[in-house]
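Structure first, commentary second.
The values are calculated or read from the model by the stated rules, or taken from the named source; none is laboratory data. Please read all numbers here as calculations on a predicted model, not as lab measurements. Cβ sites come from the backbone with ideal geometry, for glycine too, and all protein chains shown count toward neighbours.
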Amino acid sequence: MAIVKKTYSITDRNDAWVKAQVESGRYATDSEYLRDLIRKDEERQSDVEAIRAALIEGEESGLSDMTPDQIMDKVIARKRKNGEL
């Protein structure tokens with residue numbers, strides 16, 4: 001993957017935060033920290049889009065005949081089957 005050099009302006013407060021993250025040893029450089037922030041934002045956006053799609057699907061599926069307890073039991077059974085519980 002190619003590296004593209006960029007220049008960004010940030011506030012003194014933001015700069016202090018980035019420097020503290022590097023000094024903590026979690027990141028080797030400012031650039032490494034910023035790349036990690038971008039990756040995390042990409043993941044968050046992907047999660048938000050998946051949730052939106054699920055909400056739209058649920059809304060379009062109409063009302064359920066199941067009671068809230070039946071829905072909860074079904075969710076628990078699915079999670080057990082998938083090894084999530």
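Do you know which residues across the range 20-48 are under 16 Å from residue 4 (Cα atoms), β-branched (Val, Ile, Thr) and outside any loop (DSSP other than H, G, I, E, B)?
Within the range 20-48, just 38 meets the criteria.
Within the range 2-19, does at least one residue satisfy the condition of being surrounded by 10 or more Cβ atoms within 10 Å (Cβ to Cβ), part of a helix (DSSP H, G or I), under 22 Å from the mean Cα position of the chain (by Cα) and acidic (Asp, Glu)?
The answer is no; no qualifying residue exists.
From 46, 31, 24, which residue is without any contact (Cβ under 8 Å) to a residue 12 or more places away in the chain and closer than 30 Å to residue 71 by Cβ?
Matching residue, one of 46, 31, 24: 46.
Given 24, 64, 31, which one is under 20 Å from residue 9 (Cα atoms) and small (Gly, Ala, Ser)?
Exactly one of 24, 64, 31 is under 20 Å from residue 9 (Cα atoms) and small (Gly, Ala, Ser), namely 31.
Among the residues that make up the range 73-82, is at least one of them free of Cβ contacts under 8 Å to residues at least 24 places away in the same chain, part of a loop (DSSP other than H, G, I, E, B) and more than 30 Å from residue 18 (Cβ to Cβ)?
yes
Would you confirm whether or not the range 48-70 contains a residue that is modelled with pLDDT under 95, surrounded by 10 or more Cβ atoms within 10 Å (Cβ to Cβ) and not hydroxyl-bearing (Ser, Thr, Tyr)?
yes
Evaluate the following for residue 53: is it more than 30 Å from residue 71 (Cβ to Cβ), assigned to a helix (DSSP H, G or I) and of a type outside the set (Lys, Arg)?
No.
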